[in-house]
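Let me begin by presenting the structure, written as structure tokens, before commenting on it.
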Amino acid sequence: MKINKSILGIIFTLLLQLLGTVCFVWRYERILLKGEEVRLKCMPYDPYDPLKGRYLMVTVMEDCTNILFDAETPTVMQNRKKDYYAKLEKTTNGLYRVAAVANKVLDDGLWVKRDNISTRYILRYADKLKDESGEEFYEPQKKLGKMATVSFPNKLFVNEKMAPKAEQLLSSRSKDAVAVYRLLDQKIILTDIEIEGVSILRRVREL
């Protein structure tokens, strides 16, 4: 019996999709089980999106994600490519922050690969004085240098029924919120959001 080519095509497409899903789940579980825990101070994502469904969104605080360029970094980061790397270091309070950015892993530290490290001059054009010429403005702008901002995964999937309470709790206790990540082989996933060291989902269940 001959099988229609279109049916074979559909079966092949479905198998590819299934394989992609299995690979994604395997990679996620591997990072979840073997990855090193990284905790970053966070706050609720702004603006709030009431249609976002079954997940909470957070924004990692700027003092954790921003870093000034050193003398060599601006040239490195101007080379446009897909992947960059950020080095994470633990601070005195046990939380992490970005300690360096580069276009490759430079040492044995804790590095994460990101494709969306943005850069900007610290002194923005909006800071230019009205009576200041371009040359007068560009000199201090260049002297102050640039800043890199590293973004991190920001969506934590939750039960749809729990999402509104979790969102409300996160907003009311934002000063105590910490995003919990797992990092393995330069790949990072968001695994939890904690309020004073306790999972936000556990706190919601106890309400």
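Computed from the coordinates by the stated procedures, all read-outs in this text should not be read as laboratory data. Remember, predicted model here, so these are calculated numbers, not experimental data. Note that we place each Cβ from the backbone using ideal geometry, even for glycine, and neighbour counts take in every protein chain shown.
Got a sec? Charge dipole of region 53-207, +1 on Cβ for Lys and Arg, -1 for Asp and Glu; which of Tyr138, Leu88, Ser171 is way out at the positive end? Result: Ser171. Counting 0.36 nm for each residue step from Arg173 to Lys155 and taking away their Cα separation leaves a gain of 4.7 nm. Using 0.36 nm per residue and subtracting the Cα-Cα separation, the extra length available between Asp108 and Leu33 on full extension is 24.9 nm. Each label point was placed 7 Å from the Cα along the Cα-to-Cβ direction; for Thr59 and Tyr138 their separation is 3.2 nm.
The HN-Hα couplings worked out from phi for region 183-197 by the Karplus form 6.51 cos²θ - 1.76 cosθ + 1.60 (θ = phi - 60°) are 10, 8, 6, 6, 10, 10, 9, 8, 10, 6, 10, 10, 10, 6, x Hz, whole numbers, x standing for Gly and Pro. Per-residue Karplus couplings for region 83-96, computed as 6.51 cos²θ - 1.76 cosθ + 1.60 with θ equal to phi - 60°, are listed in order as 10, 10, 10, 10, 8, 10, 10, 7, 9, 5, 8, x, 8, 9 Hz, Gly and Pro entered as x. Taking amide hydrogens as placed 1.01 Å from N in the peptide plane, the amide H of Ser118 sits under 5 Å from those of Thr149, Ser151, each at least 5 positions away in sequence or on another chain.
The amide H of Ala100, built 1.01 Å from its N in the peptide plane, has Lys87 as neighbours under 5 Å, considering only residues 5 or more places off or on other chains.
Applying a DSSP loop filter and a limit of 13 other Cβ atoms within 10 Å to the GluC sites (Glu not before Pro) in region 146-207 leaves Glu160, Glu196. The distance from the alpha carbon centre of region 140-171 to that of region 100-124 is 17 Å, rounded to a whole number.
If R0 is taken as 35 Å, the Cβ-Cβ distance between Lys128 and Glu196 corresponds to a FRET efficiency of 0.20.
Loop-located trypsin sites (Lys or Arg not before Pro) in region 131-207 (DSSP state not H, G, I, E or B) with no more than 16 neighbouring Cβ atoms inside 10 Å: Lys161, Arg173.
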